Amino acid sequence: MDDDRIPHRALRAADIVATIVLGVLQLIASFTLPILGWFQLMSVASCSERECDYALLGISGYLTAIVAALAFVATLVFVILRAVRGRSTWWLTCIGLAAVVVAYVIATALNELARA
């Protein structure tokens with residue numbers, strides 16, 4: 001049976017608090033990590049000494065911002081849909097936060113690869 005409704009009020013309150021806290025962390029990460037990624041693009045000055053892949057630098061610059069925006073909107077929509085049905089929602093914000101962090105790590109790796 002696929003019924004993950006939260007039976008007790010205390011558990012429901014804990015789920016709401018966890019969802020809000022993790023959602024705020026996701027929102028903070030969605031704003032700060034793309035900015036950190038754009039600061040990494042300022043290292044493009046080192047490309048004057050050697051050849052860099054500017055297309056890859058462009059992708060790495062926008063990857064985190066696009067994923068962060070999409071993850072935040074998707075998380076918000078699915079949290080609202082599940083909360084209205086009385087289902088657990090905290091894990092959705094964990095997935096959204098993880099998506100933003102993974103996108104930042106991949107963008108950082110692409111940035112390093114483009115300057116290699």
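Springs between alpha-carbon pairs under 10 angstrom, Gaussian network model over the chain: which of Thr32, Thr19, Thr75 fluctuates most?
Thr32
Just to confirm the filter: which trypsin sites (Lys or Arg not before Pro) across the stretch 22-110 are DSSP coil and have at most 10 other Cβ within 10 angstrom of their Cβ?
Numbers: sites: Arg50, Arg82, Arg85, Arg87; in loops: Arg50, Arg85.
Sparse-neighbourhood loop trypsin sites (Lys or Arg not before Pro): Arg50, Arg85.
Counting other C-beta atoms within 10 Å, and keeping those with at most 15, which DSSP coil GluC sites (Glu not before Pro) do you find in the stretch 13-116?
Values: sites: Glu49, Glu51, Glu112; in loops: Glu49, Glu51.
Passing both the DSSP loop test and the Cβ count: Glu49, Glu51.
Per the Kirkwood formula on distinct C-alpha pairs, the Rh of the chain is how many angstrom?
15.7 Å
Say we join alpha carbon atoms closer than 10 Å with springs in a Gaussian network model of the chain; which of Ser88, Ser30, Ser43 then has the biggest fluctuation?
Ser43
Sticking with the crude label model, points 7 Å out along Cα→Cβ, report the distance from Ile16 to Trp38 in nm, one decimal please.
Label at Ile16, label at Trp38, 3.6 nm between them.
Laboratory data are not the source of any read-out in this text; all were calculated from the coordinates shown. This structure is a prediction, so every number in the text was calculated from the model and none was measured. No Cβ is skipped: glycine too gets one built from the backbone with ideal geometry, and neighbour counts run over all protein chains shown.
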